[in-house]
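Everything below concerns the one structure shown next.
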Amino acid sequence: MVVETFMNSFFALLVFSALPFTAMAQIAPESVMKLTSTDFGDGGNIPKRFTCDDENISPSLQITGVPAAAKSLALIVDDPDAPRGTFTHWLVWSLPPDTKEFVTGAAPAGAVQGSNDAGKTGYAGPCPPSGQHRYYFKLYALDVPVTLPAGSPRKALEKAMEGHVLNQAVLLGRYAREK
């Protein structure tokens, strides 16, 4: 009985201690898609330069780990803390899957930009009416190219992406206007 209990405990220990290594072995490093910025860290404050209080230009973004099966990338930047519900600041699609970065102030060459909730095509920087807001930069790896025309709204992009997302990476930035 003591030996049987010991063996069951020993076997359980072996199985459970091996699980993390088994799970990690199944995830190749390149399958972890990441979106980062040299302008602010994940969860950090977005510098004023990238907001309506200054130059209102887009920050730099770096992309790694795009799945090999991806046919295109899309980016949605939004603020879920807006008074009237989520506010879309930037829509970008038709990015080649080998895109590695967005340089400051521009979408990559060949990218198509949609209509933001400010009613313009392109980037609209953070501009919260009060308090600190969160800004999510969401990058999607898609198994199809998106062929929407420039200026299309978010709903059209989301419909085109539906059922085609292979992976997603999120970068969170925060901004509060000076008083």
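Nothing in this text is a laboratory measurement; each read-out follows from the coordinates by a stated rule. Note that the structure is a prediction, hence the values are computed from the model and not measured. Note that we place each Cβ from the backbone using ideal geometry, even for glycine, and neighbour counts take in every protein chain shown.
Can you tell me which residue within region 82-100, out of those that are under 30 Å from P129 (Cα atoms) and surrounded by fewer than 16 Cβ atoms within 10 Å (Cβ to Cβ), is nearest to the chain's Cα centre (by Cα)? Of everything passing the filter in region 82-100, T86 is nearest to the chain's Cα centre (by Cα). The test for being surrounded by fewer than 17 Cβ atoms within 10 Å (Cβ to Cβ), within 14 Å of the chain's Cα centre (by Cα) and not polar (S, T, N, Q) does not hold for Y140. Being touching a Phe, Trp or Tyr at 6+ places or on another chain (Cβ under 9 Å), within 16 Å of M161 (Cα to Cα), free of Cβ contacts under 8 Å to residues at least 24 places away in the same chain and not charged (D, E, K, R) is a description that applies to A111.
Only one of the numbered conditions (1) aromatic (F, W, Y); (2) in a strand (DSSP E or B); (3) closer than 15 Å to I46 by Cβ; (4) out of contact with any Gly (no Cβ under 8 Å at 6 or more places or on another chain) is not met by W90, and that is (4).
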